[in-house]
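Here's the structure, in structure tokens; my notes come after.
What follows is calculated from the coordinates using simple rules that are stated; it is not laboratory data. What you see is a predicted model; the values in this text were computed from it and never measured. In this analysis, Cβ positions are derived from the backbone assuming ideal geometry, glycine residues included, and neighbour counts consider all displayed protein chains.
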Amino acid sequence: MPLTKYEEKLLKEFSLAYSASGYEKNVSHLFKEHISQYCDEIIYDNLGSIYGIKKSKAAHPLKVMVCAHSDEVALKVTEICANGLIKFSATSIWNQILMGQRVTLINSKNELFKGAICATPIHLLTAEQKKSPIEVKNMFADFGFLDKEDALQHFVSINNAIFVDGTFEILNKNRILAKALDDRIGCALLVEVIKSLKNVALPYDLYLGLNVQEEVGLRGATTASQMIQPDFAIVVDCSPANDLMGKQEMGQLGKGILLRVVDGNMIAFPQLIDYQKKLCNQYHIPYQYFISNGGTDAGAIHQSNQGVLTLTSCICARNIHSNSSIMDVNDYLANLKFLKVLLKTFTPQKFDTLVKAGR
Ligand SMILES: [Zn+2]
């Protein structure tokens, strides 16, 4: 089933927005624009994580936190060279995707500059040099500045973010190719979810929002969960697909939402995996098991306070942490259906059962 025009537009808008770790205002503002009308209140933690609250009429309501992350992997300016070229660091982007890419720099006044990544061309390399990838320290970004003074006059500064650009494309109606699908998929899904709950009275307080700085160590999730003190949490994220080498691999495009049983910073609550599986079977939502060395914001949230029952609701995409990530449209719709079903059927009684099942 293809995305509706609205779904496509929303995902495109979030994917094309620039939002590096520590500089998430663009996506935060966009999110606020979309969710405000469906929320009773908007709150922030002091790092910049944003949450919309939809309150229940219950006397002592449970708090349910549903979140995605607003940051994306990006490059950082480390040096402005005398000839106006820019040197950069690339901590979470693989250097092999960088050569010749179109990039955008955001200066200290939030102005955009288009450019490209350059290195010594193949014609000038020795046979030996051609055998290994070019290291980031030997790459430059060219934004057309004539010299260092020119760059400084345009308010370019150390630590400004540089983004590897990518257009938003629909591949043969089945797949979406775009930058930053990790985790703009989550941002767009959250908007769709809160919209779908417009006329629904929930038996709990819903805190729906975006954490900052996930990519550098789950920092916004840590502070946001301390602020909210949730009873139950759901993390929506995009995980790396691992299906290029054959059908036996975990994380296949088009095979549904991921049951992340274990990853680098959380062992899934067994009773929540059972619950997730039951809902999927009941509502005909495709799912697949997933094991990862990486992690999600769930890693921080489930360890906050006295421990929080935390469920992940993720899908996978190829080439994440590059400007050419590819996701399957049906996986996206499966996750949307799962989140709607989960939030519309969740009750305090269900929560009690899940807590007791862990004892
Ligand atoms: Zn992510």
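Using a 10 Å cut-off around each Cβ, can you sort 146, 190, 210 from fewest to most neighbouring Cβ atoms?
On the way: 146 9, 190 25, 210 31.
Least crowded to most crowded, the residues run 146, 190, 210.
Counting other Cβ atoms within 10 Å, which trypsin sites (Lys or Arg not before Pro) in region 57-162 have at most 15 and lie in a DSSP loop?
Values: sites: 57, 63, 76, 87, 102, 109, 114, 130, 131, 137, 148; in loops: 57, 109.
Counting only loop positions with at most 15 other Cβ atoms within 10 Å, the trypsin sites (Lys or Arg not before Pro) in region 57-162 are 57, 109.
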Cα-Cα longer than 32 Å, checked against 9/344; 109/130; 76/173, kept in input order, equals 109/130; 76/173
Most exposed first, judged by fewest Cβ atoms within 10 angstrom, 165, 45 run 165, 45
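How do 4, 312, 104 rank when sorted from fewest to most other Cβ atoms within 10 Å of their own Cβ? Before the final figure, lay out the partial values.
Numbers: 4 11, 312 29, 104 17.
With the fewest neighbours first, 4, 312, 104 line up as 4, 104, 312.
Count the net charge of all other residues whose Cβ sits under 12 Å from the Cβ of residue 1, scoring Lys and Arg as +1 and Asp and Glu as -1. Could the numbers behind the result be given before it?
Working: positive: 173, 337; negative: 7, 328, 331.
Neighbourhood net charge equals -1.
Classify region 301-356: rounded, prolate or oblate, from the alpha-carbon gyration tensor (a ≥ b ≥ c, eigenvalue square roots; a/c under 1.5 rounded; otherwise prolate if a/b is larger than b/c)? Walk me through the numbers on the way to the answer.
Details: a/c = 4.70, a/b = 1.72, b/c = 2.73.
Oblate, since a/c reaches 1.5 and b/c is not below a/b.
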Expressed in nanometres to one decimal, the distance between label points 7 Å along Cα→Cβ at residue 108 and residue 167 is 3.5 nm
For region 195-328, the charge dipole (Cβ of Lys, Arg +1; Cβ of Asp, Glu -1; about the Cα centre) points to a positive end, and the Cα of 283, 257, 293 closest to that extreme belongs to 283
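Compute, for region 290-359, the length of the dipole vector about the Cα centre, with Cβ point charges of +1 (Lys, Arg) and -1 (Asp, Glu) only. Units Debye, rounded to 20. Before the final figure, lay out each step's value.
Numbers: 7 positive and 4 negative charges, 56 e Å.
That gives a dipole near 280 debye.
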In debye to the nearest 20, the charge dipole size for the chain, taken about the Cα centre with +1 at each Lys and Arg Cβ and -1 at each Asp and Glu Cβ, equals 1040 debye
